[in-house]
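Working notes for the structure below.
The values are calculated or read from the model by the stated rules, or taken from the named source; none is laboratory data. These numbers come from a predicted model, not from an experiment. Glycine gets a Cβ as well: all are built from the backbone with ideal geometry, and neighbour counts include every protein chain shown.
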Amino acid sequence: MGIQPQVSLHTGQAPVLYGLADQPVEHVSALIDRQVIYGAQSTFVVWTLKKGAVVPLHHHPNEQITWITKGRAEVYSGGKKFVMVSGDLMVIPPNVPHEFVITEDTIDIDIFAPQRQDWIDGTANYLKK
C-alpha cells in the first residue's frame with residue numbers, strides 16, 4: 001500500500017507535514033497577521049486580516065492564487081473592483097498590480113509560485129507602508 005509501480009524510490013526529498021496551528025504568527029501590522037510555509041517552488045500563506053486592513057497596490061513576479069475562506073475583501077486591479085467573499089478564489093497573474101481592501105474580518109489563503117523570494121530576503125516593503 002502506498003507504493004506505486006514504475007515510480008522510483010530514489011528521491012532527493014521527502015514530503016514534509018506541517019500543522020498550521022504550530023506555525024508562528026507574524027504580526028505584519030495592527031490589522032494584518034500571517035503564517036507562512038515555504039516549499040521548494042511555492043509559498044503558502046494564511047492571512048488573518050481585520051476589517052479596515054489594506055494591502056497597498058503592489059505587484060510581484062509570482063502567480064498568486066487567493067482564496068477567501070472567511071469574510072470579504074475588495075480587490076482593485078486593472079481599473080476594476082472585484083468583490084471577494086467566503087468561498088471565492090482569484091488567480092492573479094505575475095506582475096499584475098493589485099490592492100486588497102478588507103471590508104470584514106477575513107481569512108485569506110494564498111499560494112504563490114514561484115516562492116516569494118522577496119519575503120525570504122526581506123525586500124518586500126509594500127506591507128510596511
Residue pairs meeting the criteria (Cβ under 6 Å; at least 6 apart or on separate chains; first more than 15 Å from D105 (Cα to Cα) and touching a residue at least 40 places away in the same chain (Cβ under 8 Å), in the stretch 24-43; second surrounded by fewer than 16 Cβ atoms within 10 Å (Cβ to Cβ) and of a type outside the set (A, V, I, L, M, F, W, C)): Q41/P114
Residue that is at pLDDT below 95 and either over 26 Å from G122 (Cβ atoms) or surrounded by 11 or more Cβ atoms within 10 Å (Cβ to Cβ) (or both), where the choices are Q4, Q64, Q35: Q4
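Restricting attention to strands (runs of 3 or more DSSP E) lying wholly within the stretch 50-129, give those where 1 or more residues are in contact with a Lys or Arg (Cβ under 7 Å, 6 or more places away or on another chain). Lay out the reasoning, then the answer.
Details: elements: 54-58, 63-70, 72-77, 80-85, 89-92, 98-102, 106-113.
In the stretch 50-129, 54-58, 72-77, 80-85, 98-102, 106-113 are the strands (runs of 3 or more DSSP E) which contain 1 or more residues that are in contact with a Lys or Arg (Cβ under 7 Å, 6 or more places away or on another chain).
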Taking the condition of being charged (D, E, K, R) and over 18 Å from F44 (Cβ atoms), how many residues in the stretch 89-120 meet it? 3
Looking only at residues that are touching an Asp or Glu at 6+ places or on another chain (Cβ under 8 Å), modelled with pLDDT of 95 or more and within 14 Å of H58 (Cα to Cα) in the stretch 86-129, which one is surrounded by the fewest Cβ atoms within 10 Å (Cβ to Cβ)? P93
